[in-house]
Each structure stands twice: as C-alpha cells, then as structure tokens.
1. Per residue of region 128-134, in order, report the coupling 6.51 cos²θ - 1.76 cosθ + 1.60 (Karplus, θ = phi - 60°) as ³J(HN,Hα) in whole Hz, putting x for Gly and Pro.
2. Apply the Karplus curve 6.51 cos²θ - 1.76 cosθ + 1.60, θ = phi - 60°, to the phi angles in region 150-160 and return the couplings in whole Hz, x for Gly and Pro.
3. Greater than 19 Å separation of Cα atoms is the criterion. Which listed pairs, Lys104/Lys139; Lys102/Lys122; Lys5/Lys102; Lys104/Lys143; Lys102/Lys139; Lys102/Lys143, meet it?
4. Please provide three numbers in whole Å: the alpha-carbon extents of region 11-164 along the principal axes, with the largest listed first.
5. Charges on Cβ only, +1 for Lys and Arg, -1 for Asp and Glu, centred on the Cα centroid of region 35-82; of Ile54, Ile78, Thr66, which one is farthest towards the dipole's positive end?
6. Which whole-Hz ³J(HN,Hα) couplings does region 84-97 yield from phi under the Karplus relation 6.51 cos²θ - 1.76 cosθ + 1.60, θ = phi - 60°, glycine and proline marked x?
7. Expressed as a whole number of Å, what is the distance separating the alpha-carbon centroids of region 125-149 and region 38-60?
8. Of the options Leu119, Ile141, Leu154, report the single residue whose Cα projects farthest towards the positive end of the charge dipole of region 108-170 (beta-carbon charges: Lys, Arg +1; Asp, Glu -1).
Amino acid sequence: MDLKKASSGNLLAIMRIIAEAQQFLKSLGVDQWQNGYPSEEIINNDIEHGNGYILTVADEVVAFATVIFAEEPTYANIYDGQWLTGSEYAVIHRMAVANTHKEKGYGQAVYREIERMALTRKTPSLRVDTHEDNIPMQKLITKSGYTYCGVIYLMDGSKRIAFERIVRPAHF
C-alpha cells in the first residue's frame, strides 16, 4: 500500500473511482457529488497543484483524496459547535475508494497516511467535511478518529457536517 501524489497519468483511474462514488451516493439518495462534481477539471487542478493523492495496491489505484495544507475559506465559520483547535490545519476533500476495494480498510489507510503527512509537516490537525446524509463517509471519518465539530456551509450554500482530528505521534 502506498499513498503518493497523483500524476496526470492517473487521471483516468481517478475519474473511474469518482464516477463510481457518484453513482454510489446517488443509489443512497444522497445529493452530494451529483451534477458532475467533482469534474475532471477539478481533479486535474488538484493534481497540477500537487494536492491530489492516490492510494495504490500492487500498482492499482484503489483510492483518491485531495489534501490541502492551507486554510479552507468555508471553515472560517462553524455553526452548532466549534473546531477542536484554532491552529494550522490541513483539509481533506474529494476522498473516494474504488467499489471493488470498499470494506478492505483502504479508506482508513488513506486517512492514516494523510495523518503521517501532517505529522511530517508539523501540521497539528486535519479537518474534513461531508454531506449530512453520507452515512458511509461519516462512519469512515469517525472510525478514523475524527471528532464531530459542527456545521459549515460551502460557497454555494450547501450544508456540510465538519470533523477534526488532532495529529499526535502516539497514534502511529
């Protein structure tokens, strides 16, 4: 298992995983990631800016995530709760695991490897958000040690529930 920066050569495999995730969410009746989001342009932008990461197993791309070591504007205001820290953090977006590799621990592996990256960069916490109806992702996030912090709103006004994890060396 290896989490590494994605390249443009991984785009087709990533977009297949994204399409599977979009269909999965649709089958659950969750309106997250519908209407073409995230698009190939968005994923390509993640890759070009060095924020796109793939998890590979035996050279097969099994998961994708965007990790940004910068503040997220939509996290400036949190409602019905508060962040665990007021310090520097990294943000995890657009995380998905290939359908053929779900329930194998790869989602948790992605979060664990991102924590290692944060620890290496001395980033004290990680933040993530998801749709309030996306129960599978909420379970993965909490199983990975994140704490529910409150509600944030995206630029388009969409409601998301937000989580944070303080990064500590003892976890590894």
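1. Working through the residues one at a time gives 8, 9, 8, 5, 5, 9, 7 Hz.
2. Result, rounded to whole Hz: x, 10, 10, 10, 6, 4, 8, x, 5, 7, 9.
3. Lys102/Lys122; Lys5/Lys102
4. Extents along the principal axes: 38, 36, 29 Å.
5. Ile78
6. 5, 10, x, 8, 4, 8, 10, 10, 10, 10, 6, 8, 8, 10
7. With region 38-60 and region 125-149 each reduced to a Cα centre, they are spaced 21 Å.
8. The Cα lying farthest towards the positive end belongs to Leu119.
The values are calculated or read from the model by the stated rules, or taken from the named source; none is laboratory data. Because the structure is a prediction, the values reported are computed rather than measured. In this analysis, Cβ positions are derived from the backbone assuming ideal geometry, glycine residues included, and neighbour counts consider all displayed protein chains. In case anyone asks, the SASA skips ligands and DNA or RNA and just uses the protein heavy atoms, side chains included. Shrake-Rupley method; radii C 1.70, N 1.55, O 1.52, S 1.80 Å.
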